[in-house]
Amino acid sequence: MNEETDAPHLPEDESVMIAAFEGWNDAGTAASAALDHLAESWEAREHAILDPEEYHDFQVSRPSITRLASGDKVLSWPGSVISLAQGEWRGSRDIALVRGIEPSMRWRSFAEEVLDHAEDLEVTTLITCGALLVDVPHTRPLPTFVSSESASARALFDLERSDYEGPTGILGVLGHEAELRGITVLSMWVGVPHYVAHPPSPKGTVALLSQIERFLGVSIDLGDLPYEAEAWTRGANELMEDDDEIAQHVDRLESMMDEASLPEASGDAIAAEFERFLRRRDGGTGK
């Protein structure tokens, strides 16, 4: 178990679903990559596939053709899959993972179908994962924003309600409909620097996985993600070296963050995060 197991986390009798979707909700594919990592690390098994014919415009999200080693061609359709995994979760129930592409149509029906599966699995807590482009420097830990409409969840994890008003994506719709069914929703977002928005964004993925660790009270094997995050940072540094305008912009963002004295801007926080990565790399326990 990781160093955060003594911190507040979801009770062991909770039944948890975690969801992320490519598209509007997924800057740098940080969120969908987090779900992919969990599915692989936890050896998730397929539970249900939502019919893509019902929810996708294939001129927007096109099917793809790949060729197997045998020479046979395989046609893959865009869509969403619900899988089940145990991971390091101490509870008796599996964790449900919902990974897909933001639907092009019939969002209410889509949310209803996902939540029908959630009710069949007796899900009590839904964690939605998203990523958005923000004005933050890549040289600092990327900020995460977590909110909940549930008073008990806010008290347990020291969260706030979101005061956002405006256009929303499928995560907002799914979360809203889940709340109407009595499911506790934790809405989680990571901020990805807008000047390095091209996927992948492994540093953003690591930030989201760290929050999931916090909520579940478990250690997640990050595999090669810390190395990929370091490579991503080096690439962004090289971008600064080649572009004076970006370098000046990053300097301004660093100054703004440091002057605001945000906890994530402190040298101690950065050092602690790096030490945690090293501990995971060496032992995989996070201790």
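The values are calculated or read from the model by the stated rules, or taken from the named source; none is laboratory data. In this text the structure is predicted, and so the values were computed from the model without any measurement. Positions of Cβ are generated from backbone atoms using ideal geometry, with glycine treated the same way; all protein chains shown enter the neighbour counts. Heads up: the accessible areas ignore ligands, DNA and RNA and are worked out on the full protein's heavy atoms, side chains in. Shrake-Rupley method; radii C 1.70, N 1.55, O 1.52, S 1.80 Å.
Here are some notes:
- In segment 188-213, residue farthest from Arg140 (Cα to Cα) [restricted to those that are aliphatic (A, V, I, L, M), open to solvent by 10 Å² or more (accessible area, probe 1.4 Å) and part of a helix (DSSP H, G or I)]: Val196
- Candidates Gly182, Gly166, filtered to the one that is open to solvent by less than 70 Å² (accessible area, probe 1.4 Å), at pLDDT 95 or above and assigned to a loop (DSSP other than H, G, I, E, B): Gly182
- The single condition from (1) touching a Phe, Trp or Tyr at 6+ places or on another chain (Cβ under 7 Å); (2) buried (at least 18 other Cβ atoms within 10 Å of the Cβ) that Gln86 fails is (2).
- A single member of Leu253, Leu216 is open to solvent by less than 30 Å² (accessible area, probe 1.4 Å), hydrophobic (A, V, I, L, M, F, W, C), under 19 Å from the mean Cα position of the chain (by Cα) and at pLDDT 85 or above, and it is Leu216.
- Residue, surrounded by the fewest Cβ atoms within 10 Å (Cβ to Cβ), within segment 219-250, restricted to residues that are closer than 17 Å to Gly191 by Cα and modelled with pLDDT under 90: His249
- Hits in segment 1-26 (condition: of a type outside the set (Gly, Ala, Ser), surrounded by fewer than 18 Cβ atoms within 10 Å (Cβ to Cβ) and modelled with pLDDT under 85): Met1, Glu3, Thr5, Asp6, Glu12, Asp13
- Where Gly182 falls short, out of the listed (1) of a type outside the set (A, V, I, L, M, F, W, C); (2) on the phi > 0 side of the Ramachandran plot; (3) in contact with a Leu (Cβ under 7 Å, 6 or more places away or on another chain): (3)
- Considering segment 1-117, the qualifying strands (runs of 3 or more DSSP E), each wholly inside and each with 3 or more residues that are closer than 30 Å to Trp232 by Cβ and either of a type in the set (Ser, Thr, Tyr) or under 21 Å from the mean Cα position of the chain (by Cα) (or both), run over 16-22, 80-85, 95-101.
- Residue list for segment 125-141, filter: more than 17 Å from Leu239 (Cβ to Cβ) and either among the hydroxyl-bearing types (Ser, Thr, Tyr) or open to solvent by less than 10 Å² (accessible area, probe 1.4 Å) (or both): Thr125, Leu126, Ile127, Thr128, Cys129, Gly130, Ala131
- Segment 137-154, residues that are assigned to a loop (DSSP other than H, G, I, E, B) and out of contact with any Pro (no Cβ under 7 Å at 6 or more places or on another chain): Thr139, Arg140, Pro141, Leu142, Pro143, Ser148, Glu149, Ser150
- Considering residues of segment 11-49 that are among the hydrophobic types (A, V, I, L, M, F, W, C) and in contact with a Phe, Trp or Tyr (Cβ under 8 Å, 6 or more places away or on another chain) only, the residue farthest from Thr184 (Cα to Cα): Ala31
- In the set (1) at pLDDT 85 or above; (2) at negative phi; (3) surrounded by 19 or more Cβ atoms within 10 Å (Cβ to Cβ), Ala265 fails one condition alone, (1).
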